[in-house]
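Okay, structure first, notes after.
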Amino acid sequence: MNDDYEVLAQGFDQVDILDYDPTIWSPEEIVERDPESYGIEDPADSEVSEEIVEKVEEAKRSAEESGAEFYNGPLVRVRDFEVDNGILGLKLQNTNYFSHSGTRERPELRKENRADPLSVGALLTTSDGRTVLGEKSGLVEYEEGEYQLPGAGFVEEIEGSLDSEPEDSIYRELNEEVNLNSEDLESIEPEALIGAVHRQPMLVYNAETGLESEEVAERWRWIDEADREFSELI
């Protein structure tokens, strides 16, 4: 693991949501949802709010020029976490993608001034002992050409329900990115919470498939090329 990552928590085999706050952490200018239904919590520093809005406008222009998708999707922010008796307890809050894009390249910001949306990723092992990685395609808005874990994606807004689990996002992302279904996975277990690039916390799962590596690659090739989030699978 390189300097872009920091292990935040290990030694757990279960993930629970201890608290969920539907209030949206975001500058009001980029919420794009009814504040009466959610409520808004601005970053603690008003200058950070202004800078987020500026960065979002810059990113919008860049996305329009390149044709990449850039929209303000609902995300879930990690307010805090703890590990107790083998259980990772998460305290979550709503945020959005624009707030993340405005803070992700500023790791010097204090916690109260960062979006810190929760993401997931899978250490996917095939039946012939290979670990799968994917190269980000031009479909993604950020870091095209870099390699990442399959199943890497954000945990989306829970909308008031504490029944939703981050594990649900792993199944969704593995299906979207590699074309694997739940029946293709023999096991999926939480492994660690890491501080990924730009302070984005990632909940990493160990996932095993009964398919061999070439079969996984073939499943990925079934995805229409225009819809592939990976340009290459290795």
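The values are calculated or read from the model by the stated rules, or taken from the named source; none is laboratory data. No experiment lies behind these values; they were computed from the predicted model shown. Cβ coordinates were reconstructed from backbone atoms using ideal geometry, including for glycine residues, and neighbour counts include every protein chain displayed. In case anyone asks, the SASA skips ligands and DNA or RNA and just uses the protein heavy atoms, side chains included. Shrake-Rupley method; radii C 1.70, N 1.55, O 1.52, S 1.80 Å.
Among residues belonging to region 156-181 that are open to solvent by 20 Å² or more (accessible area, probe 1.4 Å), more than 23 Å from GLY86 (Cα to Cα) and among the acidic types (Asp, Glu), point out the one that is modelled with the lowest pLDDT. Walk me through how you get there before you give the answer.
Of all residues in region 156-181, those open to solvent by 20 Å² or more (accessible area, probe 1.4 Å) come to 156-157, 159-165, 167-168, 171-172, 175-176, 179, 181.
Keeping just the survivors that are more than 23 Å from GLY86 (Cα to Cα) gives 156-157, 159-161, 172, 175-176, 179, 181.
When the remaining residues are screened for being among the acidic types (Asp, Glu), the result is 156-157, 159, 176.
Numbers: GLU156: 77, GLU157: 67, GLU159: 52, GLU176: 92.
Top of the filtered list is GLU159.
Of the residues GLY145, GLY153, the single one that is in contact with a Lys or Arg (Cβ under 9 Å, 6 or more places away or on another chain), modelled with pLDDT under 90, small (Gly, Ala, Ser) and surrounded by fewer than 16 Cβ atoms within 10 Å (Cβ to Cβ) is GLY145. In this entry, SER49 is excluded by the filter for residues that are closer than 16 Å to ALA196 by Cβ, crowded, with 18+ Cβ neighbours inside 10 Å and polar (S, T, N, Q). Can ASP80 be described as within 27 Å of ILE17 (Cα to Cα) and more than 21 Å from the chain's Cα centre (by Cα)? It is false that ASP80 is within 27 Å of ILE17 (Cα to Cα) and more than 21 Å from the chain's Cα centre (by Cα).
Scanning region 1-33 for residues that are under 26 Å from ASP45 (Cα atoms) and in contact with a Lys or Arg (Cβ under 6 Å, 6 or more places away or on another chain) gives ASP19, TRP25. Here ARG110 does not fit the description of being within 18 Å of the chain's Cα centre (by Cα) and under 17 Å from ILE52 (Cα atoms). Scanning region 116-139 finds one or more residues that are touching a residue at least 12 places away in the same chain (Cβ under 8 Å), exposed (fewer than 15 other Cβ atoms within 10 Å of the Cβ) and among the hydroxyl-bearing types (Ser, Thr, Tyr).
Annotation note: Cβ proximity below 6 Å between a residue of region 81-103 that is within 19 Å of VAL120 (Cβ to Cβ) and touching a residue at least 60 places away in the same chain (Cβ under 8 Å) and a residue that is in a strand (DSSP E or B) and of a type in the set (Lys, Arg) (sequence gap 6+ or interchain) occurs for LYS91/ARG79; GLN93/ARG77; GLN93/ARG79; THR95/ARG77. For region 70-108, taking the residues that are hydroxyl-bearing (Ser, Thr, Tyr) and part of a helix (DSSP H, G or I), the one that is most open to solvent (accessible area, probe 1.4 Å) is identified as TYR97. Evaluated against (1) within 16 Å of ARG114 (Cβ to Cβ); (2) in contact (Cβ under 8 Å) with a residue 24 or more places away in the chain; (3) not small (Gly, Ala, Ser), VAL15 falls short on exactly one condition, (1). For region 29-45, the candidate set comprises residues that are touching a residue at least 24 places away in the same chain (Cβ under 8 Å) and not in a loop (DSSP other than H, G, I, E, B); within that set, the residue that is most open to solvent (accessible area, probe 1.4 Å) is GLU29.
Taking region 182-196 only, how many residues are modelled with pLDDT of 95 or more and polar (S, T, N, Q)? Number of matching residues: 0. In region 1-16, the residue that is least open to solvent (accessible area, probe 1.4 Å) out of those that are at pLDDT 90 or above and polar (S, T, N, Q) is GLN14.
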